[in-house]
Amino acid sequence: MKTLTFFGPKYGTQVSLLSPNVVSKLSRFPLTSFARKPTKPVCVKTTDCDLVESQRTFNKFPRSDWGDHFLRLPFNVSDMDMLTIEMNALKSTIRKMLMYSQDVEETKERILIIYLLVALGMAYHFEDEIDDNLKHGFENIETTMAGENDLSTVSVMFWVSGHMDITCLPVRNMFRRFKGEDGKFEECHTKDVKGLLSLYEAAQLGTSTEDILDEAMSFSSSHLECLAGGTCPPHISRLIQNELYMPQHHNAEILFASEYISFYKQEDVHNKVLLEFAKLNFKFLQLHWIHELKILTKWWNDQDLLSKLPPYFRDRMVECHLYAVIYYFEPQYSFGRIMLAKLLVLLTVVDDTCDRYGSVPEVAKLLDCVERWDPELGESLPDYLKTVFKFTLDVFEDCERAGKSEEGLSFNVDGALAEFTILQRTHLNFAEWAAAEKVPTVEEYLEVGGVAVTMYATIALGLLGLGPKAREHGYEWLKSRPKLVHDLATKGRLMNDMGGFKDDIGRGFLANVVNYYMKEYGTTEEETYKEFHKIVRDLEKSVNSEFLKINKGVPREILSRALNCGKMIDVTYRSGDGYTRPRGKFTEYVESLFVEHMDAPVMQYASSSTL
């Protein structure tokens, strides 16, 4: 079988989807004035494909199961104030745990605490203390780790170094101590559940230059599978199963935390202060998210698209908010989450309009309207596209108005709008391919499809919730088409198309990489999936390598958002297409963050509490 290789993005390909003239005009355009002059229009052929709407056939989507659920939930600001008081009472105790000392064993202990802070979803409270510990804790790391033979400790130290923007430790020196004379990992570690879990997670940070982490992944995963079905306590068995399904490295930080808090409280040995703070923090975050969902539910009801448009689009406002939480879950990003959720709803409506309902000429007309950004052009559109185009204008204007109110007159959505417009160009490509007017090669499809999977657009839209300096830096970085984002986008396209292949083919939508790969390389569906899984793993290694190369040059708050967009892909497509068919695992994620209540009784802890 031929192996598809496509590493090394054609950086100019994606950028050129939007003409330089349009990009230039976007950067100068005052959105709320709608004063754009027409650029060169898209060539639109008037054909019989402009179907009468009553004659269209399409798969109908039901309305969201969530309805007005979150509008009905009680919300009291005083609850948040009380939780803040309770958390503040515990912070000084946790800060003492993180106080720096030169003692080797205490250094290891503090780094293990840092892991717990991340795993429990509360590291953002202690960023300064964590940075200080990482700066000093890894200065003489080889001396610190000399003689350390605990598999879990070594693996966690390695994971923390990679996760927290530290140049990765010398892999071979870290893990070869656990190998025997035959060069294989020693069998004495096969019953060390904690060690195997930590090793498996550390192995996710592998790059293409270190075979030892591939060996670590194979060794740990095979033995964890055996242990999960053995005599492990139920909470440990569940943790193993969750980890094998989706490793922490690929999971959304707050989704992992919601699971890990439940696990940690069942451990015989745990830090009571950390556990209590974690529960209070999660409940505090949950109140923020529910308040946002109330605002978004009212907004979505006011749009009334469910009655204005045929039911061809996915009603996914709550799921879009889940994505916004994955992008940035911390309380200070509430404004950004609300904007991002609205914009992701817009992306969904436009994507489904182009993929599931509109004809090729109609998609081209919509693209022309978006590129020229002139409300008057919308009058020439079919009725349903008038609604879609007006919704597009309204959402961007709403976001810009809110941003100016929040941040000042300097706020603008130009960078986000530019990426949105590039995305619309790919919708036309897909419409033409789906109609079999053009048949791309697999490589051509992936170059355009990486944009169409919305990776670039989502990163750009989320940047609106950051401050002006980070936002502009992020836009400039994104315009350079960095390899890290290219690889995340390609992975997203592969996982999206694998998850949605049967649905696409079932509705006659041919623009799918599985379909094109089988035709181009003469493979079966099973062979194609097997090859794609290998490619996905190679892309993950490439992302790890790129992260290590650029993490000192790109601010953490920007780089972490890009990686979080990659985690959206894993959350969505680990088992099918969770966004299109959310019932099951995807709905469990929504419930774990927005519905299930974390047991967080109000308890007072003196600063001298027993740890």
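Residues in the stretch 567-594 that are of a type in the set (A, V, I, L, M, F, W, C) and open to solvent by less than 10 Å² (accessible area, probe 1.4 Å): Val571, Phe586, Val590, Leu593, Phe594. Check whether at least one residue in the stretch 545-566 is within 28 Å of Pro62 (Cβ to Cβ) and buried (at least 21 other Cβ atoms within 10 Å of the Cβ), and report yes or no. Within the stretch 545-566, one or more residues are within 28 Å of Pro62 (Cβ to Cβ) and buried (at least 21 other Cβ atoms within 10 Å of the Cβ).
Arg63 meets all of the listed conditions (1) part of a helix (DSSP H, G or I); (2) open to solvent by 80 Å² or more (accessible area, probe 1.4 Å); (3) in contact with a helix residue (DSSP H, G or I) (Cβ under 7 Å, 6 or more places away or on another chain) but one, namely (1). Pairs needed: first member in the stretch 203-214, touching a residue at least 24 places away in the same chain (Cβ under 8 Å); second member anywhere, part of a loop (DSSP other than H, G, I, E, B) and small (Gly, Ala, Ser); C-beta distance under 9 Å; at least 6 residues apart or different chains. Once the first residue is touching a residue at least 24 places away in the same chain (Cβ under 8 Å) and sits in the stretch 203-214, its partners that are part of a loop (DSSP other than H, G, I, E, B) and small (Gly, Ala, Ser) give Ile212/Gly206; Leu213/Gly206. Please indicate, with yes or no, whether at least one residue in the stretch 249-258 is within 23 Å of Met568 (Cα to Cα), at pLDDT 95 or above, surrounded by fewer than 21 Cβ atoms within 10 Å (Cβ to Cβ) and in contact with a Lys or Arg (Cβ under 7 Å, 6 or more places away or on another chain). Yes, the stretch 249-258 has at least one match.
Okay, residues lined up against (1) assigned to a helix (DSSP H, G or I); (2) within 23 Å of Thr587 (Cα to Cα); (3) under 26 Å from the mean Cα position of the chain (by Cα); (4) among the polar types (S, T, N, Q):
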position: Glu259; (1), (2), (3), (4): yes, yes, yes, no
position: Asp268; (1), (2), (3), (4): no, no, no, no
position: Glu276; (1), (2), (3), (4): yes, no, no, no
position: Phe282; (1), (2), (3), (4): yes, yes, yes, no
position: His291; (1), (2), (3), (4): yes, yes, yes, no
position: Trp300; (1), (2), (3), (4): yes, yes, yes, no
position: Pro311; (1), (2), (3), (4): no, yes, no, no
position: Val318; (1), (2), (3), (4): yes, yes, yes, no
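Can you spot a residue in the stretch 142-163 that is within 30 Å of Arg537 (Cα to Cα), without any contact (Cβ under 8 Å) to a residue 24 or more places away in the chain, surrounded by 14 or more Cβ atoms within 10 Å (Cβ to Cβ) and of a type outside the set (Gly, Ala, Ser)? Checked the stretch 142-163: no residue is within 30 Å of Arg537 (Cα to Cα), without any contact (Cβ under 8 Å) to a residue 24 or more places away in the chain, surrounded by 14 or more Cβ atoms within 10 Å (Cβ to Cβ) and of a type outside the set (Gly, Ala, Ser).
Need at least 3 residues that are in the same structural domain as Tyr475 (by the TED database) and touching a Phe, Trp or Tyr at 6+ places or on another chain (Cβ under 7 Å) per element, so show me which helices (runs of 4 or more DSSP H) inside the stretch 508-593 make the cut, counting only ones lying wholly within it. Show your work before the answer.
On the way: elements: 513-521, 525-550, 556-573.
Filter on the stretch 508-593 gives 513-521, 556-573.
Against the numbered list (1) under 30 Å from His473 (Cα atoms); (2) β-branched (Val, Ile, Thr); (3) over 16 Å from the mean Cα position of the chain (by Cα), Val514 comes up short only at (1). For the residues Leu478, Leu446, Leu461, the requirement of being in contact (Cβ under 8 Å) with a residue 40 or more places away in the chain and within 20 Å of Glu540 (Cβ to Cβ) singles out Leu446.
Right, Glu406: farther than 15 Å from Asp351 by Cα, open to solvent by 10 Å² or more (accessible area, probe 1.4 Å) and assigned by the TED database to the domain that holds Ala324 or not? Quick ask: steps written out before the conclusion?
On the way: farther than 15 Å from Asp351 by Cα: yes; open to solvent by 10 Å² or more (accessible area, probe 1.4 Å): yes; assigned by the TED database to the domain that holds Ala324: yes.
Yes: the conditions hold for Glu406.
One line per residue, one yes/no per condition, for (1) among the charged types (D, E, K, R); (2) closer than 30 Å to Lys479 by Cα; (3) modelled with pLDDT of 95 or more:
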{"residue": "Lys491", "(1), (2), (3)": "yes, yes, yes"}
{"residue": "Thr523", "(1), (2), (3)": "no, no, yes"}
{"residue": "Glu531", "(1), (2), (3)": "yes, no, yes"}
{"residue": "Ser545", "(1), (2), (3)": "no, yes, no"}
{"residue": "Leu548", "(1), (2), (3)": "no, yes, no"}
{"residue": "Asn551", "(1), (2), (3)": "no, yes, no"}
{"residue": "Val571", "(1), (2), (3)": "no, yes, yes"}
{"residue": "Asp577", "(1), (2), (3)": "yes, yes, no"}
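Of all the helices (runs of 4 or more DSSP H) wholly in the stretch 104-163, which have at least 2 residues that are under 23 Å from Ile254 (Cβ atoms)?
Values: elements: 104-119, 127-137, 141-145, 151-163.
By residue number, 104-119, 127-137, 151-163.
Of all residues in the stretch 229-257 being of a type in the set (A, V, I, L, M, F, W, C), assigned to a helix (DSSP H, G or I) and in contact (Cβ under 8 Å) with a residue 60 or more places away in the chain, which is nearest to Leu197 (Cα to Cα)? Please lay out each step first, then the result.
Kept after step one, since they are of a type in the set (A, V, I, L, M, F, W, C), are these residues of the stretch 229-257: 232, 236, 239-240, 244, 246, 252, 254-257.
So of that shortlist, the ones also assigned to a helix (DSSP H, G or I) come out as 236, 239-240, 244, 254-257.
Those still in the list that are in contact (Cβ under 8 Å) with a residue 60 or more places away in the chain too: 254-257.
Details: Ile254: 19, Leu255: 18, Phe256: 14, Ala257: 16 Å.
Residue satisfying both the conditions and the ranking: Phe256.
Taken across the stretch 206-216, residues that are touching an Asp or Glu at 6+ places or on another chain (Cβ under 7 Å) and buried (at least 22 other Cβ atoms within 10 Å of the Cβ) do occur, with at least one present. State which residue is nearest to Glu407 (Cα to Cα) when the search covers only the stretch 456-491 and only residues that are open to solvent by less than 10 Å² (accessible area, probe 1.4 Å) and not in a helix (DSSP H, G or I). Filtering the stretch 456-491 for residues that are open to solvent by less than 10 Å² (accessible area, probe 1.4 Å) and not in a helix (DSSP H, G or I), the one nearest to Glu407 (Cα to Cα) comes out as Leu466. As an exercise: evaluate Ser380 against (1) farther than 23 Å from Phe61 by Cβ; (2) open to solvent by less than 20 Å² (accessible area, probe 1.4 Å) and give the number of the one condition it does not meet. Only one criterion in (1) farther than 23 Å from Phe61 by Cβ; (2) open to solvent by less than 20 Å² (accessible area, probe 1.4 Å) is unmet by Ser380, namely (2).
The values are calculated or read from the model by the stated rules, or taken from the named source; none is laboratory data. All of these numbers come straight from a predicted model, not from anything done at the bench. Here the Cβ is made from the backbone with ideal geometry for all residues, glycine too, and neighbour counts use every protein chain on show. For the accessible areas, the whole protein counts, side chains as well, though only heavy atoms, and no ligand, DNA or RNA atoms are used. Shrake-Rupley method; radii C 1.70, N 1.55, O 1.52, S 1.80 Å.
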